[in-house]
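For reference, the structure is listed below as structure tokens.
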Amino acid sequence: MSTAAAVVRRDLILAARRWPEFALPPLFLLIVASLFPLAVSPAASVLALIGPGVIWVAALLAALLGQELLFRPDYDDGALELMALSSRPLAVIGTARVLVHWFVTGLPLIVITPLVAVWFSMSPAATQATLIGLVLGTPVLSLVGGIAAALTVSLKRSAPLLALIVLPLCVPVVIFGTRAASLADGGVPADGPLYLLAALLVLALTLAPFAVGAALRISLE
Amino acid sequence: MNWSWFHKLGSPPHLYRIAGGLVPWFGWTALVLVLGGLYGGLWLAPPDYQMGDGFRIIYVHVPSAWMSMAAYAFLAVSAAIGLVWRIKLAELAARNAAPLGAVFTALTLATGSLWGKPMWGTWWEWDARMTSELVLLFLYLGYIALHDAFPERRTGARASAVLALVGVVNLPIIHYSVEWWHSLHQPATITKFGAPSIDTEMLVPLLLMATGFTAWFATALLMRLRVAVVEHERGAAWVRALGVRNG
Amino acid sequence: MQNAAHDAEITVTDLACRRGERVLFSGLSWRAGPGAAVRIRGRNGAGKTSLLRLLAGFGWPDAGFVHREGAVAWVGHGDGLKSDLTPRENLEFHCALYDVPHTAVAPAIERLGLASVANLPCRVLSAGQRRRAALARLCLGSAKIWLLDEPLTALDADAQRVVESLVDDHGRGGGITVFTSHQPLASGLPVVEVELT
């Protein structure tokens with residue numbers, strides 16, 4: 001769709017011109033992950049057990065970190081009003097923004113995950129399952145976060161509210177994602193939870209655009 | 001069909017009056033049912049053969065758990081009606097049902113925790129239903145926080161309505177994912193309160209309590225709505241006629 | 001939505017808007033037809049921007065109706081320009097959103113006198129130049145109804161003349177311009193004044 005293509009193109013150009021901002025989420029993931037061996041135990045057996053959970057929770061928090069700025073600049077400078085009046089669906093425009101945001105913040109998280117897996121002595125099978133899980137699960141986190149970001153964009157201090165709204169809704173993703181890793185670690189096929197994650201992704205891709213569009217329109221009132 | 005009653009309900013002074021008239025009816029019903037339920041549950045029902053007298057907390061725990069979910073369903077339906085048809089009454093009903101639902105959820109968690117101490121020897125067990133209730137509590141609190149964060153009440157009502165609907169889609173997923181997660185981590189615990197066949201003597205007080213809790217929910221909601229309407233219509237002639245403080 | 005079969009029209013009937021406890025305006029009624037220029041006046045906080053937003057369809061009035069015939073071009077309080085994009089890129093993005101061919105961008109830049117800065121990132125532009133870039137959107141597309149929030153702010157005399165000529169041309173083509181402004185717009189069109197108290 002040409003609207004989506006135009007938004008994607010613009011946001012990728014903007015991201016390329018502001019790339020240091022997008023190095024922050026992966027850096028955040030690395031720092032949070034590095035605290036766990038110090039706080040819990042450096043023993044390989046303990047770390048391998050908690051590794052996938054730490055990666056998922058840190059990824060969730062890192063994704064949340066950037067979410068506040070998802071629609072904020074467009075809201076503040078008035079670009080969102082022009083998008084709303086364009087008679088193109090805000091749902092499409094908003095979802096395109098969310099997916100670009102995933103591409104520039106979510107994808108780097110996945111790329112550095114193998115490094116964290118090495119820190120936590122995770123088995124290759126668990127690492128692989130975690131990676132596949134993140135590929136399927138982080139877009140869901142971005143879409144759910146996108147709804148919350150659209151709802152809170154007109155509020156001044158939205159970060160704590162955003163966390164309160166988003167985190168409970170992300171419980172299933174974290175459960176399925178970590179379960180896939182622990183199944184794989186035990187030498188059992190992890191297909192079940194990964195298929196469930198894929199189903200959540202399909203559901204989120206289907207329904208989230210409507211919620212994002214409605215939320216943005218409400219925020220422009 | 002005559003819809004004029006419906007439109008009357010939408011007008012604040014009528015709502016105020018009708019709600020005021022209904023409060024004693026629901027209130028007394030609630031009181032009678034809860035007292036009857038408590039008498040049946042605490043005196044008449046026999047002790048459970050496994051759990052002894054400890055099981056009697058279900059007379060608060062189970063109705064609270066039902067109400068925590070029923071209140072969310074009520075909240076979501078009201079919020080959706082408010083969002084689609086822009087009916088002020090529905091918006092007020094959703095917002096005022098939320099704290100009641102949150103209290104029922106908290107009560108469920110507290111009684112579950114009290115039950116867990118003698119039964120499992122711990123104040124908190126990551127039991128599937130308790131975990132779901134905990135997430136439900138977070139959803140309620142998120143809804144209230146989002147609603148009240150907006151300077152314009154009606155904008156807040158619409159924004160939080162979207163969140164309530166997202167929650168409706170998400171709640172079953174959360175519930176089943178948590179149950180599935182729990183079954184993997186705790187294969188062989190006794191399912192809490194899931195007695196396959198429950199005695200009539202135990203069941204009747206439970207139903208009385210559940211109906212009583214529902215009536216109490218209606219009572220509290222109507223009382224809250226009256227206050228909300230007066231607060232919202234502050235300055236209107238009919239509110240000033242009530243003699244409440246203005247400003 | 002664009003509707004070529006109808007003349008442009010805005011009808012405001014018994015409109016009311018309130019912010020929290022405060023009633024900004026109520027009982028507001030007026031009508032504007034093809035070629036009209038409507039100036040919304042009022043002191044700060046009287047609800048000029050709120051009225052303009054209601055005309056654009058953002059939010060719902062607390063009472064009354066807005067009837068609008070014709071697509072809207074909007075120049076709001078924010079300029080909607082991305083600081084990291086050039087005016088040309090910003091306008092091209094606008095074209096993509098509003099289904100306007102990119103060829104319209106060059107004449108728009110020319111008309112607003114932005115040729116010398118068209119390829120610089122907007123963050124280095126002055127306030128007046130940014131305002132011109134925002135107003136250049138009016139030359140893109142064929143919206144019948146222009147809603148302008150303080151269009152003359154930060155503009156020098158030359159640029160103000162350009163805006164006035166834009167509004168004149170728009171009115172002669174059967175369009176409607178509604179604007180808020182503290183200063184009058186020396187337009188050749190008869191200006192209808194809507195006073196908010």
Test: residue in the range A:206-221 that is touching a Gly at 6+ places or on another chain (Cβ under 6 Å), within 14 Å of chain C (Cβ to nearest Cβ) and not in a helix (DSSP H, G or I): yes
Exclusive hit being touching a strand residue (DSSP E or B) at 6+ places or on another chain (Cβ under 8 Å) and crowded, with 21+ Cβ neighbours inside 10 Å, set A:LEU29, A:LEU70, A:LEU85: A:LEU85
Filter result (part of a strand (DSSP E or B) and more than 7 Å from every other protein chain (Cβ to nearest Cβ)) within the range C:55-112: C:ALA63, C:GLY64, C:PHE65, C:VAL66, C:HIS67, C:ARG68, C:GLU69, C:ALA73, C:VAL75
Selected residue (only one of A:THR113, A:THR95 is under 21 Å from A:GLY213 (Cα atoms), in a helix (DSSP H, G or I) and among the hydroxyl-bearing types (Ser, Thr, Tyr)): A:THR95
Residue pairs meeting the criteria (Cβ under 7 Å; at least 6 apart or on separate chains; first more than 19 Å from C:ILE145 (Cα to Cα), in the range C:28-50; second buried (at least 18 other Cβ atoms within 10 Å of the Cβ) and basic (Lys, Arg)): C:GLY42/C:LYS48
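Condition check ((1) closer than 14 Å to B:MET202 by Cα; (2) out of contact with any Gly (no Cβ under 8 Å at 6 or more places or on another chain); (3) more than 14 Å from chain C (Cβ to nearest Cβ)) across all residues:
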{"residue": "B:ALA71", "(1), (2), (3)": "no, no, yes"}
{"residue": "B:LEU75", "(1), (2), (3)": "no, no, yes"}
{"residue": "B:ARG86", "(1), (2), (3)": "no, yes, no"}
{"residue": "B:THR105", "(1), (2), (3)": "no, yes, yes"}
Meets criteria (within 14 Å of chain A (Cβ to nearest Cβ) and of a type in the set (S, T, N, Q)) for C:THR153: yes
Residue that is without any contact (Cβ under 8 Å) to a residue 40 or more places away in the chain, touching a Lys or Arg at 6+ places or on another chain (Cβ under 6 Å) and not basic (Lys, Arg), where the choices are C:ASP79, C:ASP84, C:ASP62: C:ASP84
Count of the range C:3-51 residues which are surrounded by 13 or more Cβ atoms within 10 Å (Cβ to Cβ) and assigned to a loop (DSSP other than H, G, I, E, B): 9
Residue count, the range B:144-171 (criterion: within 20 Å of B:GLU133 (Cβ to Cβ) and more than 9 Å from every other protein chain (Cβ to nearest Cβ)): 4
The lone exception for A:VAL57 - which of (1) in contact with an Asp or Glu (Cβ under 9 Å, 6 or more places away or on another chain); (2) modelled with pLDDT of 90 or more it fails: (1)
Enumeration of residues in the range B:74-98 that are surrounded by fewer than 16 Cβ atoms within 10 Å (Cβ to Cβ) and of a type outside the set (A, V, I, L, M): B:TRP85, B:ARG86
Among the residues listed as A:ALA48, A:ALA16, A:ALA43, A:ALA5, the single one being touching an Asp or Glu at 6+ places or on another chain (Cβ under 8 Å) and over 19 Å from A:GLY137 (Cα atoms): A:ALA48
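Residue by residue, here is whether (1) among the β-branched types (Val, Ile, Thr); (2) at pLDDT below 95; (3) surrounded by fewer than 21 Cβ atoms within 10 Å (Cβ to Cβ); (4) over 29 Å from A:ALA48 (Cβ atoms) holds:
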position: A:GLY133; (1), (2), (3), (4): no, no, no, no
position: A:PRO139; (1), (2), (3), (4): no, no, no, no
position: A:LEU143; (1), (2), (3), (4): no, no, no, yes
position: A:GLY146; (1), (2), (3), (4): no, no, no, yes
position: A:LEU151; (1), (2), (3), (4): no, no, no, yes
position: A:VAL188; (1), (2), (3), (4): yes, yes, yes, no
Residue in the range B:69-89 that is polar (S, T, N, Q) and in contact (Cβ under 8 Å) with a residue 40 or more places away in the chain present: no
Verdict on C:VAL117 being among the β-branched types (Val, Ile, Thr), surrounded by 19 or more Cβ atoms within 10 Å (Cβ to Cβ), without any contact (Cβ under 8 Å) to a residue 40 or more places away in the chain and farther than 26 Å from A:ARG17 by Cα: no
A:SER158 vs. criteria of a type in the set (Ser, Thr, Tyr) and facing chain B (nearest Cβ under 9 Å): yes
From A:SER41, A:SER2, residue being among the polar types (S, T, N, Q), surrounded by fewer than 22 Cβ atoms within 10 Å (Cβ to Cβ) and within 13 Å of another protein chain (Cβ to nearest Cβ): A:SER2
Where a residue in the range A:71-90 is more than 8 Å from chain C (Cβ to nearest Cβ) and more than 15 Å from C:CYS95 (Cα to Cα) and its partner, wherever it lies, is among the β-branched types (Val, Ile, Thr) and in a helix (DSSP H, G or I), with Cβ under 8 Å and at least six apart: A:PRO89/A:THR3; A:LEU90/A:VAL212
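The values are calculated or read from the model by the stated rules, or taken from the named source; none is laboratory data. As the structure is a prediction and not an experimental result, all values here were calculated from the model. Methodologically, a virtual Cβ is constructed for each residue, glycine included, from the backbone with ideal geometry; neighbour enumeration extends over all protein chains shown.
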